[in-house]
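Working notes, beginning with the structure itself.
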Amino acid sequence: MKIPFMRLDRQFSSLRKQLEPRLFAVLESGRVLQSPDVERLETRLAELFRQKHAVVVNSGTDALIFSLVSLGLPAETKVAVTSMSFIASASAIVHSGCRPVFIDVDPDTMLMDTERLLALMRARKVDAIVGVHLYGQLIDLDEVSREAQKLGIPIIEDAAQALGATRAGKPPGAHAEATCLSFDPTKVLGAYGSGGAIVTDRDDLATHVRRLRYHGHVGKRVYELCGYNSQLDSVQAAVLDVKLDHVDAWQRRRADIAATYSERLAACRGVRCLKTLPENQHNHHKFVLHAERRAELIEHLSSAGVQTSVHYSTPLHRQPCFAPYADELSLPRVEQAAQTILSLPIYAELQDSEVSHITSVIADFYG
Ligand SMILES: *Cc1c(COP(=O)(O)O)cnc(C)c1O
């Protein structure tokens with residue numbers, strides 16, 4: 001049996017009939033940028049996230065950079081971010097002229113330790129926050145956002161992994177000035193290329209992000225600020241529009257798979273699945289557990305045809321690019337946890353027989 005970590009080929013087979021006419025319609029129209037498909041997607045995203053505006057851009061990374069830049073923070077502003085995330089959660093802070101302040105995690109969820117964050121906020125050691133909803137569950141920002149409001153600290157939510165997830169019934173974005181999405185092919189709503197979006201209730205931020213997206217253009221060949229060229233093309237917008245109709249069903253299937261993994265691995269000494277916080281509906285973008293003797297387990301799974309991954313093997317404060325911001329910084333829990341986390345394959349097209357194979361290979365390894 002061969003079980004790759006991702007199976008976009010299977011997803012394409014199931015979508016082919018719906019995708020073909022939409023793709024050809026874009027190509028035939030000749031409007032491959034700024035077509036009505038782009039506007040339609042923005043309307044749907046704004047509705048889905050219950051925000052006034054959605055602005056699509058070329059990547060989740062650009063969404064984060066543009067959001068942070070649009071806040072107009074003074075240079076060198078200290079921005080709190082978890083040390084366990086994709087690189088862009090923190091590199092965007094640097095690109096906006098600010099300084100990342102890396103925060104340790106709770107190993108049970110791998111989400112940012114909000115107690116630690118609150119302490120730093122009260123000590124005035126952070127002046128803005130990027131809250132990352134890692135692996136597909138929302139970080140609890142209730143108390144953080146109350147405190148942030150008192151102190152005037154803006155929050156950006158990084159929901160690149162959290163489309164479809166809710167907390168107390170609400171989608172990501174309830175606490176943020178702006179919320180960032182990614183349509184990278186590996187995400188739960190993936191383009192056939194790169195893409196991202198910003199959703200926000202703030203008119204001024206939406207306007208500013210739209211200007212940054214295309215050279216500061218305000219019409220009639222007038223460029224009000226030096227911006228970028230970060231568009232989502234019409235082909236990708238049409239693809240995402242088709243896929244949006246399926247994200248609920250895919251999420252239900254991933255929830256089934258996650259429940260099976262948790263149930264079958266509960267008795268397996270050697271692994272410990274991550275927890276979902278009360279009030280959270282997880283989207284199961286990733287299924288992550290802590291594994292003893294991880295390197296050996298990866299090898300064992302690999303020889304049984306199962307491809308796994310690690311998200312992420314190096315905490316951000318240990319990445320060379322952040323050395324200037326993490327001098328002698330020690331975050332013991334994330335450093336420890338990074339050695340044991342393991343991501344198992346999880347996608348709607350994964351078959352029951354494949355899930356069984358994976359769990360029995362793991363059970364077999366630990367005896
Ligand atoms: C994927 C991802 C990003 C960046 O999105 P891209 O579309 O790849 O630029 C940012 N933050 C997190 C948490 C991500 O998973």
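Brief remarks on what is shown
- Stokes-Einstein D for the chain, Kirkwood Rh over Cα pairs, 10 °C, 1.306 mPa s (µm²/s): 74 µm²/s
- The stretch between E299 and D203 holds 29.4 nm of extra length on full extension. This uses 0.36 nm per residue minus the Cα-Cα distance.
- By the helix-only formula, in which each DSSP H run with n ≥ 4 contributes -39500 (n - 2.57) and the sum is divided by residues, the chain has a 222 nm mean residue ellipticity of -12500 deg cm²/dmol.
- Percent of beta bridges antiparallel (DSSP, the chain, rounded to nearest 5): 60 percent
- Over 25 Å between alpha carbons, listed pairs K150/K187; K52/K243; K52/K170; K243/K275: K150/K187; K243/K275
- The separation of region 179-247 from region 58-132, counted between C-alpha centres, amounts to 21 Å.
- Other residues with beta-carbon under 10 Å from the beta-carbon of H285 carry, at +1 per Lys or Arg and -1 per Asp or Glu, a net charge of +3.
- Inter-centroid distance (Cα atoms) of region 255-311 relative to region 146-161, Å: 30 Å
- Taken along the Cα-to-beta-carbon direction at a fixed 7 Å, the label points for V242 and Q339 span 4.7 nm.
- The alpha carbon convex hull volume per residue for region 40-145 rounds to 112 Å³.
- Within region 328-367: backbone nitrogen closer than 19 Å to the E147 label point (7 Å, Cα to C-beta): 331-334
- Nitroxide proxy distance, nm - points 7 Å out along Cα→Cβ at L118 and F12: 4.8 nm
No value in this document is a laboratory result; all are computed from the given coordinates. Source: prediction; values computed, not measured. Methodologically, a virtual Cβ is constructed for each residue, glycine included, from the backbone with ideal geometry; neighbour enumeration extends over all protein chains shown.
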